[in-house]
Amino acid sequence: MLSETINTKYKFKNKLLKKLQIQHCFFLISLSIALLLVVPDLLKQGMFMDGQQYACVAKNLANDKGTFWKPFLSQTWSMNGKNEFLEHPPFFYYVESFAFKLFGEHYLTEKLFSLFTFFVHLFLIHLIWKQFANEQHKKHSWLPIFCFVLIPIASWVFQNNMIEELLSVFTLISVIFIVKSLQKNKINYLFLILAGFFIFFATLTKGFPGLFPVVVPVIYFIVYRERTFIKNVFYSLILLLIPLLIYLILILSFDDAKSSLEFYFKNRLLYRINDQPSTDYRLFTLVGLFQELIPLFLLSITIFLFYVRKNKSTQINKSNFKHLIFFLLVALAGSLPLMLTMVQNKFYFFPALPFCAIAFALFILPFLIAIKIEFLKYINQIKIFAVGLIFTTLLFCVFQINKYKRDELILKDVFSIIHKVGKDKKIEVEKDVYYQWNFHFYLLRFGDISIENTGNKNKFYLTNKNAEMKFEDYKNTNIQLYNYKLYELTN
């Protein structure tokens, strides 16, 4: 019986390896590397405070705390006199709230949502590649995927539940529809209108950064010289007018939409631009983009040098070169406008990165095809490596669940405090503790515990580990905490 089982497994493995072609092997290897770079840290406990904050809002929305236009973070949150969480437009929280409705409040809920957006990105990059590649090159869609996951900030965005992950989904889909409309002999207005709707969704997710696809028709004309410049400007105006018209309808029809969007625009967006710069030099985005693309520069140089060493000759396809320029210009359109303000961060230009990856893949591909015969010498070894790598990767990812990526001691303190205090409570804290945002948001995410620094006497009072208690009518609870002391009111 045992020998029959072993023989069956061996035959299955042999059959699988025989069916694998070289491009399938590279796809499996690329997918394995993509998973290794993103998933292990994604599945661990701990998250950058912004992503944890967004998860709290989405969870509340799933539990009917707050509304679409007036999201809710905590009982003690206030910004510019508003208790609603209006730091960004609300669509990200709304979409992520469905993950909480589906999976509940498990720590993996927002992580599974990010994992979903990660796979959506890989699929959309694959679709865009097929839109532009000829029949010979379509099977190499693994290459732009591989390039994309090599960009360090791309992995970081998915691992930390950043709004840009959903913003990028909408901008990618809008570009797919724009290209579909433009590649026809006659302009397809249905695809153009659909693209306009996805641009609206992008702006309802992160505001103005979601608008950059409106210039794609103009870029398309610059590169491919199809139709006239005026016509392509007209198509860009259609793409711009669709979200503007939708916003106008919302503002005129719904008071909550008007007040929410007005507050975001005036009190958050303009306030941040004028009074809360995040960098002190204008070229931060350009420099940051170059830094993030260093792995792709190194990959390109390595493949090119290997190609030169083998003395291969190949011709660069002119249409491929045009496609490269097109994607490079789209990437710049999605990143360089960020330099108009001093509010810049590396993850802000994340939606431009899939287009950067496709551009690099188009550059690398001819050299890779030219040296493909070198890989064919080791096809059997590559097949075994590819299959072994994907199974090992999946197993490794599963074993990362419940491990800690960051803030291990803080999270252990959070769980101990929740166990003692109970859920859906308020705790008075000293001022220094209130501004420890990661701790603040972990309490909200896992225990619905709001903290405040008002001088009021709540049942529980929290201080830093080495701080002295200021009030006589509190006693130390003596629960084991690494960073804090929790006191309880005696009367």
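Since every read-out is calculated from the coordinates, none of them should be taken as a lab result. Just so you know, these numbers come straight off a predicted model, no measurement behind them. Cβ coordinates were reconstructed from backbone atoms using ideal geometry, including for glycine residues, and neighbour counts include every protein chain displayed.
Quick one: net charge around K186, please, counting Lys, Arg +1 and Asp, Glu -1 for every other residue with C-beta under 12 Å from its C-beta. Present the calculation step by step, with values, prior to reporting the outcome.
Values: positive: K184, R227, K231; negative: E226.
That sum, taken over residues with Cβ under 12 Å, equals +2.
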Sorted by chain and number, the residues with a modelled amide H under 5 Å from that of Q45, at a separation of 5 or more or across chains, are N402, K403, Y404, K405
Using eta = 0.692 mPa s and T = 37 °C, Stokes-Einstein with Kirkwood Rh from Cα pairs puts D for the stretch 383-491, in µm² s⁻¹, at 208 µm²/s
With bins of 10 Å, the percent of all Cα-Cα pairs of the stretch 144-203 per bin from 0 is 23, 37, 29, 11, 1
Here the relative contact order (percent) of the stretch 156-242, from C-alpha pairs under 8 Å and at least 6 apart, is 28 percent
A correct fewest-to-most ranking of Y94, Y281 by other Cβ atoms within 10 Å would be Y281, Y94
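Could you order peptides 117-123, 215-221, 255-261, 270-276 by the average number of other Cβ atoms within 10 Å of their residues, highest first?
Values: 117-123: 18.7, 215-221: 22.4, 255-261: 16.3, 270-276: 11.4.
With the highest mean Cβ count within 10 Å placed first, the list reads 215-221, 117-123, 255-261, 270-276.
Give the peptides 470-479, 128-137, 432-441 in descending order of average Cβ contacts within 10 Å, highest first. Walk me through the intermediate numbers first.
Numbers: 470-479: 12.3, 128-137: 15.6, 432-441: 17.8.
Output ranking for 470-479, 128-137, 432-441: 432-441, 128-137, 470-479.
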One point scatterer per Cα, no solvent, Debye formula: log10 I(q)/I(0) for the stretch 19-122 at q = 0.19 Å⁻¹ comes out as -0.93
Dividing the helical contributions, -39500 (n - 2.57) per DSSP H run of n ≥ 4, by the residues of the chain yields a 222 nm value, nearest 500 deg cm²/dmol, of -20000 deg cm²/dmol
K65 neighbourhood, Cβ < 12 Å, K/R = +1, D/E = -1, net charge -2
Debye calc, one equal point scatterer per Cα of the chain, no solvent, log10 I(q)/I(0) at q = 0.09 1/Å comes to -0.73
Too long for a 18 Å Cα-Cα cut-off, among K431/K457; K412/K465; K403/K426; K82/K459, are K403/K426; K82/K459
If one compares the long axis through the Cα atoms of helix 353-370 with the longest principal axis of the Cα atoms of the chain, the angle in degrees, nearest 10, works out at 30 degrees
Longest principal axis of the chain (C-alpha) makes with the long axis of helix 408-421 (C-alpha) an angle, in degrees to the nearest 10, of 40 degrees
So N402 and F123, fully extended at 0.36 nm per residue minus their Cα-Cα distance, gain in nm 97.7 nm
